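The values are calculated or read from the model by the stated rules, or taken from the named source; none is laboratory data. Owing to the predicted nature of the structure, the values given are computational and were not obtained by experimental measurement. As a convention, Cβ positions derive from the backbone with ideal geometry for all residues, glycine included, and neighbour counts pool all protein chains shown.
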Amino acid sequence: MKIDLIRLHHVKLPLKAPFTTSFATQTERDTMLVEVVSDGVSGWGECVTMEHPYYSSEYSAGAVALMTEYLAPRTLGVDVQAESVAALWEKVVGHRMAKAALETAILDAQLRQTGRSLAHYLGATVDRVPSGVSVGIQDSIPELIDIVEEFVEAGYVRIKIKIKPGWDIEPVRALRERFGVGLPLQVDANSAYTLADAGHLRQLDEYGLILIEQPLYEDDIRLHGRLAEMMSTPICLDESIVSARSAADAIALRAMSIVNIKPGRVGGYLEARRIHDIAQANGIGAWCGGMLESGLGRAANAALAALPGFTLPGDISASDRFYARDITEPFVLEDGYIRVPTGPGLGVEPIPELLAAVTAHVDTLVG
Ligand code: NPG
């Protein structure tokens, strides 16, 4: 397949409400959508970088530069396949989110040309996936309880709350008191603690959490193994797992018993599937993470999460969790589940007027 041109759509999607984590508060989703055109067929990939490099070292302006200066010149006019394109970019270290976006766009175009869905291609075994929701840090416990109540009533099958020092044990205790032990609940620290906090974090053990996600720094894989010996709440890694290799290491070091698989963080859906396979072979639980994707990224994540090794509900909520208007047909919650698209490729595409309304500008790259 020859890529004739690449369009980078710079979009700013306003969030319905600010989203606060231990590292930042976001009020809009600022990123780029990558469109490749091959033989008149468009393929789409969503770049999950954020405006600022606070979650990972990648950020949107950097991804644009990388795409323009390094990835596009190695890709345009060349005979490419989604399965081998990563090798063309091997010399470029890191930048997995940017690479994932372009690889996904190529894969989408390839699948659209052959009429095959991403879910089928990846090996999906179900046609809908259970939907979890991620709740940001709130100003007060009553506000947290109200918002969780809303999501429980909407039908979300699992609640994840963001935690940080000063907002951890109390909110969990309050949720257990209000909703009981039956509420499937997990917490996400986004690297906000050190091993010196182990005694404090151990207090979470009495609340029957599904898991604690990424308590320590990204490169503290060995120390996560130490922490896992000190607490009974299962440790799940997110930021630390950037490839199938790091997933294998984390498993060998007993640093996680559950893995959050985010395709953007690991360089694309093909590497994400390799991590899925490793987790499944080692009896490690897995779920699909989210990065506030529009319908494009959400569609692809739903396809991935439909693989049999995804044993826990993912952060794949309905479009209206974050956006008043999505840029594709919106994903809706149906009895706590999100439907896996069955059409060719991602199975959804941007609706031109909706995309135009959130597009700041478009760069066209040609060979
Ligand atoms: O449902 O898309 C979603 C958001 C899930 O909380 C979520 N993502 O750390 O996992 C995370 C977090 C995140 C959001 C990370 C934005 C980076 C940027």
Confirm whether Asp320 is within 13 Å of the ligand (Cβ to nearest atom), part of a helix (DSSP H, G or I) and farther than 21 Å from Ala82 by Cα.
-> yes
Do any residues in the range 241-270 that are in contact (Cβ under 8 Å) with a residue 60 or more places away in the chain and under 15 Å from Leu102 (Cα atoms) have Cβ atoms under 8 Å from those of residues that are of a type in the set (S, T, N, Q) and assigned to a loop (DSSP other than H, G, I, E, B), where the two are at least six apart or on different chains, and which pairs are they?
-> Gly264/Thr49; Arg265/Ser56; Val266/Ser243; Gly267/Ser243
Regarding Glu293, is this residue within 16 Å of the ligand (Cβ to nearest atom) and either under 17 Å from Met97 (Cβ atoms) or not assigned by TED's automatic domain parsing to the domain that holds Leu33 (or both)?
-> yes
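One line per residue, one yes/no per condition, for (1) assigned to a loop (DSSP other than H, G, I, E, B); (2) in contact (Cβ under 8 Å) with a residue 40 or more places away in the chain; (3) over 17 Å from Ser134 (Cα atoms):
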{"residue": "Glu170", "(1), (2), (3)": "no, no, yes"}
{"residue": "Leu175", "(1), (2), (3)": "no, no, no"}
{"residue": "Asp197", "(1), (2), (3)": "no, no, yes"}
{"residue": "Glu206", "(1), (2), (3)": "no, no, yes"}
{"residue": "Pro215", "(1), (2), (3)": "yes, no, no"}
{"residue": "Arg226", "(1), (2), (3)": "no, no, yes"}
Members of the range 296-322 found to be surrounded by fewer than 24 Cβ atoms within 10 Å (Cβ to Cβ) and free of Cβ contacts under 8 Å to residues at least 60 places away in the same chain, listed by number | Gly309, Thr311, Ser319
List the number of the failed condition for Arg7; all other conditions in (1) in contact with a strand residue (DSSP E or B) (Cβ under 9 Å, 6 or more places away or on another chain); (2) surrounded by fewer than 23 Cβ atoms within 10 Å (Cβ to Cβ); (3) not in a strand (DSSP E or B) hold.
-> (3)
Across the range 40-69, which residue is farthest from Ile6 (Cα to Cα) among those that are free of Cβ contacts under 8 Å to residues at least 24 places away in the same chain and away from the ligand (no atom under 14 Å from the Cβ)?
-> Ala61
Taking the options Leu237, Leu201, Leu223, Leu195, name whichever one is closer than 21 Å to Ile141 by Cα and hydrophobic (A, V, I, L, M, F, W, C).
-> Leu201
Determine, yes or no, whether Ile145 is in the same structural domain as Pro165 (by TED's automatic domain parsing), assigned to a helix (DSSP H, G or I), modelled with pLDDT of 95 or more and away from the ligand (no atom under 16 Å from the Cβ).
-> yes
Return a yes/no flag: does the range 238-245 have any residue that is assigned to a loop (DSSP other than H, G, I, E, B), within 16 Å of the ligand (Cβ to nearest atom), among the aliphatic types (A, V, I, L, M) and under 28 Å from Glu28 (Cβ atoms).
-> yes
Would you mention how many residues in the range 262-277 are in contact with a strand residue (DSSP E or B) (Cβ under 9 Å, 6 or more places away or on another chain), within 16 Å of the ligand (Cβ to nearest atom) and of a type outside the set (Val, Ile, Thr)?
-> 4
Which of the following residues is within 15 Å of the ligand (Cβ to nearest atom) and either surrounded by fewer than 16 Cβ atoms within 10 Å (Cβ to Cβ) or under 18 Å from Leu355 (Cα atoms) (or both): Thr31, Thr21?
-> Thr31
If you go through the range 323-338, how many residues are in a strand (DSSP E or B) and either away from the ligand (no atom under 15 Å from the Cβ) or surrounded by fewer than 22 Cβ atoms within 10 Å (Cβ to Cβ) (or both)?
-> 2
Just a yes or no: is a residue in the range 93-105 in the same structural domain as Ala196 (by TED's automatic domain parsing) and exposed (fewer than 15 other Cβ atoms within 10 Å of the Cβ)?
-> no
Return a yes/no flag: does the range 218-228 have any residue that is in the same structural domain as Ser257 (by TED's automatic domain parsing) and within 14 Å of the ligand (Cβ to nearest atom).
-> yes
